[in-house]
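Q: Take this structure first; my questions come after.
The values are calculated or read from the model by the stated rules, or taken from the named source; none is laboratory data. Everything numeric in this text was worked out from a predicted model, so none of it was measured. Positions of Cβ are generated from backbone atoms using ideal geometry, with glycine treated the same way; all protein chains shown enter the neighbour counts.
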């Protein structure tokens, strides 16, 4: 978010890793329920949407300052799009939960709400949003004069029709889990076609959404692209495939060309409710896939045939070694939205002992980790990413410390002095990684050897599918390094990842109330955590909500459920003559919108 985490803005190598994680988690339950599948799809990229206590106006929170008031008119630009093997349909109700779509789609598809570059909720087609005092009813008013690119007016019933299209039992949207809070959703998904879903209209400009229970994260869910409205007339005239190229959206752009999995093209929407870019007349998005995608995009950039390109770790040295590229390198160092953590299975020795878990966390040198990854990850000691703190006012608990002496003492107390007597610990890395990445992983594992005397075996002989099966057979993953991206302004990510029944705990790392008390009482802590999250997820008062989440994160850290180690720093190159773009932790390289602030300066 990944994305949620929706792995918006993540570097290619990082996104690929997260997709692997999702596939691994998807295999942990031999017979997942339909509800499990929906929940997994909701945070397939580790990017979960969350509770909001405020919705900003559609204007950016921080207006960009143009470097040059002069601009080129009629400019055409090329923006590489790494699909990471995802099928591209351009249909907001049929597309998967992939981070690139989260950032690209709002240029064409609009809903009542959208995100800004920080992951903050902003008004889009909504003139106003009114939440009832009990948090169960949202009344949304369409901005006056809203139209599709086709010129057809947007009316309230179109939203309901669009949402029911996403909820079509015969063709459920891969993103349908973001509608889960709606009244009647679970019965509907369960096959009860007679249930009355919580959608209604009061007049042509007013839509009402009713929920089963207060969900402080619902406005965030509502900003996801599955809630986009599409022109029903375009659907009727052009069919389920071709409507995407015939003015069916409300964003500042419209799709005008699509060569399947090769490229797609956007041109301005003359009926957009706001001013358009005074420069841009056409955006072409060539689609890249596979291990050479980032390199191909950077080559296009260097040849002056693209305006931007991601800079993953594999290309960082090349970029920094080129004077021109280095001058055009951007690093989003503020308010990172990603967290990487150590994770250990409570049901597999030696990590069934809380003392061992804490020892591994205390022995981990985060500065050394950052050096191994060339500063693309910066040290972190709490789970909630910094952007959450900035947007919500949340203050995390005291972070997980680095203390080798205490780590060694705890390991000895658990009966393993100098790491002696520990059962074998294996770190599984899917086969096919580069030699450079394997060397980095070996250096990371060496931290435990140096600080605890513990040898961790690196096994990269198995495919991801084989690792998935191993997790299912063992009922968990003994030891791993996991990461998540949030698009939240509250710590709701804590709830979705760590609740005992979460698909990211049950059958994977197994923090549960029935755990045996060894070196602590993780079972009691898991039960307490679940109760805190049940309260936090529906608490409408921001201060009380933050306090509940803080208590929950304290339990996560105390029990070393995850041990936070680093926040990711997105890096990309962009031509200096493309000005007025807004990028942040939610977006990474791709601007939040190619809108009226974006210009092409003379060059």
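Q: Just need a number here: residues in segment 581-590 that are surrounded by fewer than 24 Cβ atoms within 10 Å (Cβ to Cβ) and either over 18 Å from the mean Cα position of the chain (by Cα) or over 24 Å from residue 318 (Cα atoms) (or both).
A: 2
Q: Next up: Collect the residues in segment 189-211 that are at pLDDT below 95 and more than 25 Å from the chain's Cα centre (by Cα), keeping them in residue-number order.
A: 190, 191, 192, 193, 194, 195, 196
Q: Quick one: would you say residue 114 is within 27 Å of residue 585 (Cα to Cα), in the same structural domain as residue 245 (by TED's automatic domain parsing) and either surrounded by fewer than 16 Cβ atoms within 10 Å (Cβ to Cβ) or within 17 Å of the chain's Cα centre (by Cα) (or both)?
A: Considered against the rule, which asks whether it is within 27 Å of residue 585 (Cα to Cα), in the same structural domain as residue 245 (by TED's automatic domain parsing) and either surrounded by fewer than 16 Cβ atoms within 10 Å (Cβ to Cβ) or within 17 Å of the chain's Cα centre (by Cα) (or both), residue 114 comes out as yes.
Q: Just name the residue that is modelled with the highest pLDDT out of those in segment 87-111 that are out of contact with any helix residue (DSSP H, G or I) (no Cβ under 8 Å at 6 or more places or on another chain) and surrounded by fewer than 21 Cβ atoms within 10 Å (Cβ to Cβ).
A: 94
Q: Still on this structure, please answer the following. Here's a check for you: in segment 141-153, which residue that is assigned to a loop (DSSP other than H, G, I, E, B) and in contact with a strand residue (DSSP E or B) (Cβ under 6 Å, 6 or more places away or on another chain) is farthest from residue 212 (Cα to Cα)?
A: For segment 141-153, the residue satisfying everything is 149.
Q: Against the definition (more than 25 Å from the chain's Cα centre (by Cα) and surrounded by 14 or more Cβ atoms within 10 Å (Cβ to Cβ)), how does residue 458 come out, yes or no?
A: Spelling it out, residue 458 is indeed more than 25 Å from the chain's Cα centre (by Cα) and surrounded by 14 or more Cβ atoms within 10 Å (Cβ to Cβ).
Q: Can we say residue 417 is at pLDDT 95 or above, within 22 Å of residue 525 (Cβ to Cβ) and surrounded by fewer than 20 Cβ atoms within 10 Å (Cβ to Cβ)?
A: So residue 417 does not fit the description; no.
Q: Given the options 122, 126, name the one that is farther than 25 Å from residue 302 by Cβ, assigned by TED's automatic domain parsing to the domain that holds residue 150 and more than 20 Å from the chain's Cα centre (by Cα).
A: So the residue among 122, 126 that is farther than 25 Å from residue 302 by Cβ, assigned by TED's automatic domain parsing to the domain that holds residue 150 and more than 20 Å from the chain's Cα centre (by Cα) is 126.
Q: Can you name every residue in segment 181-199 that is in contact with a helix residue (DSSP H, G or I) (Cβ under 7 Å, 6 or more places away or on another chain) and part of a loop (DSSP other than H, G, I, E, B)?
A: Passing the criteria: 181, 195, 197.
Q: Tally time: how many residues in segment 424-435 are loosely packed, with under 11 Cβ neighbours inside 10 Å and under 27 Å from residue 357 (Cβ atoms)?
A: 1
Q: Right, here's the next one. Going through segment 374-387 one residue at a time, which ones are buried (at least 19 other Cβ atoms within 10 Å of the Cβ) and under 17 Å from residue 588 (Cβ atoms)?
A: Of everything in segment 374-387, those that are buried (at least 19 other Cβ atoms within 10 Å of the Cβ) and under 17 Å from residue 588 (Cβ atoms) turn out to be 376, 377, 385, 386, 387.
Q: Determine which member of the set 444, 382, 356 is touching a strand residue (DSSP E or B) at 6+ places or on another chain (Cβ under 6 Å) and assigned by TED's automatic domain parsing to the domain that holds residue 555.
A: The unique qualifying residue is 382.
Q: Would you confirm, using the coordinates I've provided, whether residue 138 is out of contact with any strand residue (DSSP E or B) (no Cβ under 6 Å at 6 or more places or on another chain), crowded, with 17+ Cβ neighbours inside 10 Å and in the same structural domain as residue 113 (by TED's automatic domain parsing)?
A: no
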